[in-house]
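Written out below as C-alpha cells is the structure these notes cover.
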Amino acid sequence: MAQQRRVQLSTQRPTSTVCVLGTELSLDVCGSAPKGAVSFHAQGTPGVRLWVVHDAQSVKLPSSVCRWPLAPGPELLLAMDSLSKDVGDEKVRISYFREVGAVPAGRALLYLTCVEVSLDADVNRSGAVSRTLLDKTTWTWGPEGHGAVLLVNCDRDDPGAEGLDSQDSAVRSYDDLKDMSQLLLRTRGPHPIFAGHRLLLHVDFGDADKVGVFYGGSSAAPGEFRHVLGGPKLAYSVRPGRHQHESVFYVEGLAFPDVGFSGLVSFHATLLESPDKGLPETPIFTDTVVLRVAPWIMTPNTAAPLEVFVCGVDDNEGFVAAVAALAERAQCPLTVCPPPQNRQDRWIQDELEFGYIQAPHKTFPVVFDSPRDRGLKDFPVRSILGPDFGYVARQAPEGASSLDSFGNLEVSPPVTVRGKEYPLGRILIGSSFPRLGGRRMAKAVRDFLVAQKVQAPVELFSDWLQVGHVDEFLTFVPAPDRKGFRLLLASPSACYQLLREKQEEGFGEAAMFQGLEKVPKPTINEILANEGLRRFNDYAQSCISWNRDILKRALGLAEPDILDIPQLFQGDVASGAEAFFPDMVNMLVLGRHLGIPKPFGPAVGGRCCLEQRVRELLEPLGLSCTFIDDFFSYHVLAGDVHCGTNVRRKPFAFKWWHVVP
C-alpha cells in the first residue's frame, strides 16, 4: 500500500501542498463542505489521478461523473505519476452542491507540486545502490530475501591512527570509505519547493550509537567528508542544490549484533513543511530504509588455510621449525609472533579466533580477541589490526576462567540437521553442562556468539577437563565423501582396544615415551594393569560419549561421520582430566596436511602403534599425517599443537544473508 497523507481543504482560500512521487493524498472532502451540501464533484488537471472510496469501494473518477454523495463519508484519493516542472502546476477543484440546483454552494481549490524524495541502499544485495520495488522498511533472510548490509568499520586503514576506524569521527582515506555502505538520497522537482521545505536525514534514537554517517557534498576528497549522523547527532538537514539531484552518504557500523541490539538499523529521509511563519514544521513525507549490521563469522578447520600463526618462545625452536615445514608443504604463509610481542605466552589459539565480516561490496577478516589477557593480550591490536583487518573483543567482568580461552571455541563445517540447513556450520563451545557449579564461558562472549545468528551455537560438556577446552577432545578434518568431513573424537576405549590387540600379539612389554629423557616409560602391560587409570578413562569416555550424542543430534551426524582417535587421559575428578600422552585430536589442519602431536606410543615392529592406527584411519581420506614433537614445549604445559597454533582461513563462498536462522 502506498504511503498516504491526509490533506485538509478550504472553500475560503486555495490550498497548496506537495505530492511525493509514489504516494497518495487523501483529501478531506467532508471536512471542508459548506453547510447544507450533500454532494461534490471533483476535477483534476491531466497530471492528477483521482478516485473515490465510497462504501468501501474504490472508483477512479471519469470525466462524465458529476456528483458523489457526501454521506456516509467518502474519501477522495489522488496520486501523481510525473514530476512537476513548476510549483503548483497541477490542481484539483472540488465543487459542493446542495439538494437542488446546479450552482455550486462552494468550491475548494488545491494546487499540487509533484516531487521525488527517495532514500535508497543496496536492498538487492548486488554491491551497488539501485532503485527497487522491494519493501525497504523490512529486512528478510534467505536466498529470496532483501535488505541492505552494513559492516562494522572495525579495521584501521590509517597505520598512523590509534584505535579502530569506527572510533574516529573523520574519514582519512578512500580505503576507509570503501568499508562503508552507501545511502543515496534522490531529490527531484522544482527547486523552490526544496528551498521552501526542509529535508532531514535522521536515525532512530536507539540506533544512533550503533552507526556513523559521513557526507562529502559534491566533494570527492576524503578530508572534506563531515560526520553528520550518529552518537548525539540524530538528524542532518540536507540542502539539495539546484542542479544536484543525488546526495550520497556513507554509513559505518559501530557495533556488532549483541544483547539489546538485533543488528537492524533504520534510516529515514523526511520532508518537512512550515504552514505559517512562527509555527513548528510538520512532516509531510518519510522514506525509510533498514540495514542490518553484518555478523562476525567463524571458519571451520575444513576451510582453506590462508595464513598460519605460531609464537616463538625460549624453548620451542624445534616446534616452530616443524610447523613452518608443514605450512610450506601446504603452501600456506607462516607468521611467527616473536618474544617481544608474545611475552613468553605460547598459547596463540587461546588468545584469539580468526573470522570475517562480509557485505555485498566488501569482505575482510576480523580477529576476535578473547578475555583471557595474558602475555599475548596486546598482539591482536598491535600486530593484526590494520588495513582491511578488523578487531573485536568482549570482556569478562565477572573474571575470566580457562573456558574463556578460544581453544574452547570451535565451529563445525556446514551441516543439515533434520532438514534444517546450517550452511555456515554451528559454533561449538564448552561448558559445565550437565554438572552444576562448574566453569562456563563468559556471558558476554556467549551472548555475542548467539547474537550473530548465522552459526547457532551448541554448548558441549568440557568442564570435566582440567583446562576445559573442546579442542582437547574433538576436531574436524576434510573428507572426499559423505558430508565432506569427519568428526574426530578422542577415545579412551579405542586406545584400550588397540593396546589389548598389541598385547595379544605379544608386544605387552613395548613401552611408551621412548627417547624422552626423565619421563617414566610404562609398558602396554603396565598401562592395562593400572586399574586406577582404567577407571578414570572410563569416566573420561563417558564424558566424551555424552558429547558424542550432543554432536550427533546438533550436527545431524551418523556413526560413519565420526572417527575415534586413540587417546588416554589422567588426573582426578576434582582437578579434571589432562592428556596422558600428547593429545592427537589437538591437531593443526591445513587442507589435506595434518600436523598431529607425536604421541610417543609403544613401538611395534619399529613403528609407533598409535601413529600407525591414526594413519590407518586418516590416510584413506586422502590426508597426509605429519607427527610433530611438542612434548616438552607444549604437552607437559597442558596443551598441544592446536593450542600453540592458529590459522586464518578462506571465508565461505556461501553468503551469510542467504541463511534462514
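Read-outs throughout are calculated quantities, based only on the coordinates presented, and are distinct from any laboratory measurement. As the structure is a computational prediction, the values presented were derived from the model and not from experiment. Neighbour counts run over all protein chains shown; Cβ positions are idealised from the backbone, glycine included.
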Treat each spin label as a single point 7 Å out from the Cα along the C-beta direction, and report the Gln182 to Glu619 distance in nm. 5.6
Scoring the chain by relative contact order with C-alpha pairs under 8 Å, at least six apart, yields a percentage of 11
Sorted by mean Cβ packing within 10 Å, highest first, what order do the peptides 357-369, 151-163 take? 357-369, 151-163
State the antiparallel share, in %, of DSSP beta bridges confined to region 121-293, rounding to the nearest 5. 90
Search the structure for amide H atoms under 5 Å from the amide H of Leu474, placed 1.01 Å from N in the peptide plane, and list their residues when 5 or more places away or on another chain. Ala490
Suppose R0 equals 60 Å; then what is the FRET efficiency for Glu307 and Thr282 from their Cβ-Cβ distance, rounded to the nearest 0.05? 0.60
Non-local amide H neighbours of Val458 (under 5 Å, H modeled in plane, Pro and chain starts lacking H): which ones? Ile427, Leu428, Ile429
From the coordinates shown, P(r) over Cα pairs in 20 Å bins from 0, in percent corresponds to which of (1) 14, 35, 28, 16, 5, 1, 0; (2) 16, 38, 23, 15, 7, 1, 0; (3) 17, 48, 31, 4: (2)
Taking the 0 to 90 degree range and rounding to the nearest ten, how far is the long axis of helix 609-618 tilted relative to the main principal axis of the chain, both from C-alpha atoms? 30
Residue (of Leu291, Val149, Gly278) at the positive-pole extreme of the chain, dipole from beta-carbon charges: Gly278
1/(1 + (r/R0)^6) with r = Cβ-Cβ of Arg592 and Ala195, R0 = 60 Å, i.e. FRET efficiency to nearest 0.05, evaluates to 0.35
Restricting to lysines and to Cα separations under 21 Å from Lys521, and discarding same-chain partners fewer than 8 apart, the set is Lys502, Lys598
Antiparallel DSSP beta bridges within region 297-655, percent to nearest 5: 60
What list of ³J(HN,Hα) values in whole Hz, one per residue of region 299-313 in order, does the Karplus curve 6.51 cos²θ - 1.76 cosθ + 1.60 (θ = phi - 60°) give from phi, with Gly and Pro shown as x? 10, x, 4, 7, 6, 5, x, 10, 6, 9, 10, 8, 9, x, 10
If the label point is 7 Å along Cα→Cβ of Lys420, which residues in region 621-660 have backbone nitrogen under 19 Å from it? 656-660
Modelled FRET efficiency - R0 56 Å, Arg172 with Glu328, Cβ distances, 0.05 increments: 0.90
Under 13 Å from the Cα of Lys35, which aspartates and glutamates turn up, not counting those fewer than eight places away in the same chain? Glu99
For region 1-96, listing chymotrypsin sites (Phe, Trp or Tyr not before Pro) in a DSSP loop whose Cβ sees at most 16 other Cβ atoms within 10 Å gives none
Spin-label point model (7 Å from Cα, Cβ direction): what's the Gln514 to Ser575 distance in nm? 3.0
Helix 531-555 sits off the longest principal axis of the Cα atoms of the chain, rounded to the nearest 10 on a 0 to 90 degree scale, by 20
Relative packing of peptides 552-565, 199-212, 217-230 - highest average C-beta neighbours within 10 Å first: 199-212, 552-565, 217-230
Any idea how far apart Arg535 and Val660 come out in nm if each label point goes 7 Å out from Cα toward Cβ? 5.3
Which peptide among 487-496, 593-602 comes first, and what is the full order, when sorted by highest mean count of other Cβ atoms within 10 Å? 593-602, 487-496
For region 532-600, shape from the Cα gyration tensor axes a ≥ b ≥ c, cut at a/c of 1.5 then a/b versus b/c, turns out oblate
Express as a percent, rounded to the nearest 5, the fraction of DSSP beta bridges in region 1-133 (both residues included) that run antiparallel. 70
Students often get this wrong, so check it: of Lys233/Lys655; Lys85/Lys277; Lys178/Lys377; Lys420/Lys453, which have C-alpha atoms separated by over 24 Å? Lys233/Lys655; Lys85/Lys277; Lys178/Lys377
Shape category assigned to region 121-293 from the gyration tensor of Cα positions, a/c cut at 1.5: prolate
